[in-house]
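The structure appears below as structure tokens.
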Amino acid sequence: MNLLVIGGGGREHAIIKKLRENKQVKKIYALPGNGGIGEDAQCVPIKATDIEGVLEFAKSHKVDFAAVIPDDPLALGMADKLREMGIPTFGPTAQAAEIESSKVFAKNLMQKYHIPTADYQVFDQAEKAMEYITQKNKYPVVIKADGLALGKGVIIAADPQAAKEAVEAIMNEKIFGKSGDHVIVEEFLQGPEVSVLSFTDGETLRPMVTSMDHKRAYDGDEGPNTGGMGAVAPNPYYTKEVAQRCMEEIFLPTIRAMKQEGRPFQGCLYFGLMLTPDGPKVIEYNCRFGDPETQVVLPLLKTDLLTIFQAVMEGRLSQQKVEFLDKAACCVILASGGYPKNYYTGLPISGIEEAEQMEDVSVYHAGTKMEDGKLLTAGGRVLGVTALANDLAGAMEKAYEAAGKIHFDNMHYRRDIGRRALSMRGE
């Protein structure tokens, strides 16, 4: 089989490595891919959002199966277009992807179908949003841009001044572009966060191993929000009791709600949850695999990924086993100094081979490029170093040992990925 994977980050690298395990796979094309993905697939410099370019390529290269991974092309309807061409494609329709591409749609869906989430109001005028925040006078307050914003469209404001600046920046200065035409002002929820990726064919839902993301740039959850500085799996806060409540109160009601709305969801649905004193609540939905959660969840997957993708898109997930290893995983993101603000690119990278020689260690490329045979940095989040072990402490130790073998100038990474999860277990 010839496969086509749309995207070019660490998450896509993890997916491609997993798809390669299937013996039927002859060739994988990655559009656009990156410097490291080139080791596992043929990278083609066509942008993930270039629908015409992707369709033309898929047609001329006899693609047997495609997977559209990032949110932007899904929201633009790329999965729909590939399927219209007769290519079986993993990924939701543009209508179903609205569960992420419009936070207003997602919040209204939850309200309509009584799916637990934070109280909220929607505004299309900055003045009205500020009036509401002032009247509520409860801080911190969460301010979200409606549309896609590279996972960064959420600002938690600690006081009135910060709230005013956030509303101004999103709605008037348009720091997230058109995504800020509408904002959601919502209550700040407290409790441990849990990320749950799930496979769903619109009827059946199979949750994957849970994970814990680390969003802040620096140790101790300090500094600005990033796309994610690391993750661990499984998440120790997610007990069997919590899992059952989530299935009954959140997961299945969401799938049924999307079907009821005439936009059944087939693909990977991501649930960002907060375990509050009042029970689990939804912080956000994503219409695709999370990053860096994918880098800790997929290495634990025992079942063949392509087989699951096919079962999802053919509506027979209820007959498909989805099994995971009874192990733990830790992923440490190696970022370029200054990320998520200003950072250098084009810096030579060394030590990856030494890291990957360690047992149960994988290095996933996020922001890398090949230039004149040399591997260079090409983004803020450069690499994800993932290690598996029998327990979380072992996975963390191994991931950090592997990270220590890799070098590029101004390399920055958090030293406490997984520590919160360990302390919860009393380790």
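The values are calculated or read from the model by the stated rules, or taken from the named source; none is laboratory data. In this text the structure is predicted, and so the values were computed from the model without any measurement. We place every Cβ from the backbone using ideal geometry, glycine too, and count neighbours over all the protein chains shown. Remember, those area values only see protein heavy atoms, side chains included, never the ligands or the DNA or RNA. Shrake-Rupley method; radii C 1.70, N 1.55, O 1.52, S 1.80 Å.
A few notes on this one:
- Note that the chain presents 43 Å² accessible area per residue, ligands and nucleic acids not counted, probe 1.4 Å.
- The mean sequence distance of close C-alpha pairs (under 8 Å, at least 6 residues apart), as a share of the length of the chain, puts its relative contact order at 16 percent.
- Excluding same-chain neighbours fewer than eight residues apart, the lysines reachable from K302 by a Cα-Cα span under 19 Å are K17, K18, K23, K321, K327.
- Within the stretch 60-131, trypsin sites (Lys or Arg not before Pro) in DSSP loop having at most 15 other beta-carbon neighbours inside 10 Å: K62
- Couplings for the stretch 20-28, taken from phi via the Karplus curve 6.51 cos²θ - 1.76 cosθ + 1.60 with θ = phi - 60°, read 5, 5, 6, 5, 6, 6, 8, 8, 10 Hz in order; Gly and Pro are left as x.
- Relative contact order of the stretch 267-399, pairs being alpha-carbon contacts under 8 Å that are 6 or more residues apart, as %: 23
- Of the residues Q190, T294, L273, the one whose Cα sits farthest toward the positive end of the charge dipole of the stretch 149-307, with +1 on the Cβ of Lys and Arg and -1 on the Cβ of Asp and Glu, is T294.
- Length-normalised contact order for the stretch 13-77 - Cα pairs under 8 Å, 6+ apart - percent: 23
- Cα-centred dipole magnitude for the chain, charges only on beta-carbon of K, R (+1) and D, E (-1), debye, nearest 20: 560
- Positive-end residue, the stretch 1-104 charge dipole about Cα centroid, Cβ charges, pick of N22, G91, G53: N22
- Recomputing volume of the Cα convex hull per residue in Å³ from the coordinates shown identifies the correct label among [x] 140; [y] 157; [z] 127 as [x].
- With the convex hull drawn over the C-alpha atoms of the stretch 269-424, the volume per residue is 162 Å³.
- For the stretch 46-105 versus the stretch 296-329, the inter-centroid distance based on Cα atoms is 21 Å.
- Note on the chain: GNM, Cα springs under 10 Å; of P70, P277, P192, the largest mean-square fluctuation is that of P277.
- Each residue, R415 and H114, gets one label point 7 Å from its Cα in the Cβ direction; the gap between the two is 5.1 nm.
- Of all accessible heavy-atom area on the chain, the percent that carbon and sulfur account for (1.4 Å): 46
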